[in-house]
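Only the coordinates and a few stated rules stand behind these numbers; no lab work does. Keep in mind that this is a model prediction, so the values were computed, not measured. Glycine gets a Cβ as well: all are built from the backbone with ideal geometry, and neighbour counts include every protein chain shown.
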Amino acid sequence: MDTSAAGTETRIAHGALPARDKLRLGIPRVLNVWSTHQFWIGLFGALGLDARRIVFSSDTSDEQMREFGKGRGTVDSCYPVKCVSAHYGELLALDRHRRIDVLFSTMIYSVPSFLHGHVVDSLACPRVMAAPENIKAGFLKEGDAFAARGVRYVAPLVALGEPDMAARQLLAALAEFLPGVTRREVEAAVRAGYAALEAFAAAARRQSREILENCARLERPCLLVLARPYHMDPGIGHEIEVDLQAYGFPVLWGQYLPTDPDLLGWMFGAEVAAGQVRSGLDIADVWPSSYSANTNEILWAAKFAARMPWIAGVIRLSSYECGMDQPTYTPVQQIVERSGTLFFSFQDLDSTKPAGAVRIRVETIAHYLARDAAGIIARKRDASPPDCPLAAAPLP
Ligand code: SF4
């Protein structure tokens with residue numbers, strides 16, 4: 001696929017646009033926006049847009065789909081992509097006080113990943129890449145819904161995993177609604193976007209490390225969620241991990257695990273020394289076809305869980321009709337279970353949260369954790385190298 005062409009999309013409505021500091025920009029809160037939102041805030045802030053005028057759509061919900069997504073469906077797809085139409089509809093329907101001038105919905109080709117350089121590639125799922133094209137069709141089939149509301153629709157293809165390429169692609173797209181924007185401005189704004197994203201991820205990793213240090217100090221179990229970034233959306237992941245947290249188990253997300261060299265050295269040092277992997281972030285031993293960023297991160301986090309004594313249980317979330325997750329079900333489960341860690345899977349999640357069934361499963365997970373966690377931690381600690389850097393951490 002040629003990503004060098006900027007691929008900027010549609011010039012559907014061409015009215016005069018307000019000045020930058022008055023421009024109202026709508027961004028659907030969907031798919032890989034869940035892992036890149038800080039980039040967009042940093043980018044547009046550096047370009048002089050007022051943060052209060054950058055409008056993200058709401059979390060996904062049944063009400064949102066009923067009110068804004070009906071009749072806009074296009075080709076059959078997985079559940080997270082299906083939901084995108086309701087986010088578009090919500091942004092287009094904003095009242096005159098919040099009405100947007102531009103709907104900005106990127107076709108994300110690749111995503112920044114902490115595994116970059118240790119895996120084959122960091123591509124987005126093809127359905128994520130194509131979603132704006134797919135969803136746009138539903139807003140054009142009975143007339144141009146963007147033009148009817150005076151909204152300019154901009155959907156560039158962006159290789160966010162390659163900063164130089166991303167800057168070139170974004171320059172062409174941004175020029176569509178920021179007249180006079182220069183290459184130098186966009187390059188600086190792209191740098192600001194990546195800096196914001198990295199600062200957010202670093203803070204989240206620090207928090208995850210503090211949780212693990214606390215668990216190590218108190219010999220307490222925690223849980224790890226293995227899922228895609230958009231399972232943090234309450235309407236996609238149904239907050240299953242929140243229900244578990246209510247039982248007193250701290251919850252970590254695979255995307256934001258600590259990657260400090262001392263910790264990776266303790267967990268993976270022996271395998272690196274033996275030549276089984278090239279680094280603590282290498283997954284070639286379990287997943288040689290490491291092209292997809294989110295899939296790679298799930299596999300790596302499964303390895304992390306297997307080696308981390310205080311992660312006593314893993315929760316796997318996956319959405320209805322997800323073709324990307326299917327080949328990973330067995331390897332992920334095997335990696336986790338072979339270490340003696342409890343594994344629980346919620347597959348085919350869609351719009352309905354079967355509250356009763358989820359509650360029973362959550363109660364079951366809490367029961368097994370309360371019963372078995374101490375033994376799991378002890379066995380995993382016995383199998384680990386000595387001198388864990390987490391246990392040596394000073395009290396906060
Ligand atoms: S990873 Fe799965 S759920 Fe996510 S967009 Fe791709 S096919 Fe859909």
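Structure summary
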| read-out | value |
| --- | --- |
| Choice from Cys83, Cys215, Cys125 with maximal GNM fluctuation in the chain (Cα, 10 Å cutoff) | Cys215 |
| Label-to-label distance, nm, for residues given as Arg206 and Asp164 (7 Å Cα→Cβ offset) | 3.2 nm |
| Nearest-0.05 FRET efficiency for Ala175 and Asp348, computed from C-beta distance (R0 41 Å) | 0.45 |
| Rough spin-label spacing in nm, given labels placed 7 Å along Cα→Cβ, for Val242 and Val358 | 0.9 nm |
| Entries of Lys22/Lys136; Lys70/Lys136; Lys82/Lys136 with Cα pairs more than 18 Å apart | Lys22/Lys136 |
| Column: log10 I(q)/I(0), Debye, Cα scatterers of region 203-382, q = 0.08, 0.11, 0.13, 0.17 Å⁻¹ | -0.23, -0.45, -0.63, -1.12 |
| Cα centroid separation, region 180-215 to region 227-264 (Å) | 19 Å |
| Angle in degrees between helix 183-218 and the longest Cα principal axis of the chain, rounded to the nearest 10 | 30 degrees |
| Rg over Rh [alpha-carbon atoms, Kirkwood Rh] for region 20-198 | 0.95 |
| Difference of contour (0.36 nm per residue) and Cα-Cα distance, Tyr320 to Val120 | 69.3 nm |
| Debye log10 I(q)/I(0) for the chain, one point scatterer per Cα, at q = 0.07, 0.14 Å⁻¹ | -0.35, -1.23 |
| Helix 126-138 axis, angle to the chain major axis (alpha carbon atoms, nearest 10°) | 30 degrees |
| Amide H contacts under 5 Å for Met107, placed H, 5+ residues apart | Leu157, Val158 |
| Partners for Lys303 among lysines (Cα-Cα distance below 20 Å; same-chain residues under 8 apart left out) | Lys380 |
| Per-peptide average of other Cβ atoms within 10 Å, ordering 58-69, 227-238, 371-382 highest first | 227-238, 58-69, 371-382 |
| C-alpha long axis of helix 293-307 to longest principal axis of the chain, angle in ° | 20 degrees |
| Asp372 paired with Glu67, simple spin-label distance in nm, labels 7 Å along Cα-to-beta-carbon | 4.3 nm |
| Beta bridges per DSSP with both ends in the chain, % antiparallel, nearest 5 | 5 percent |
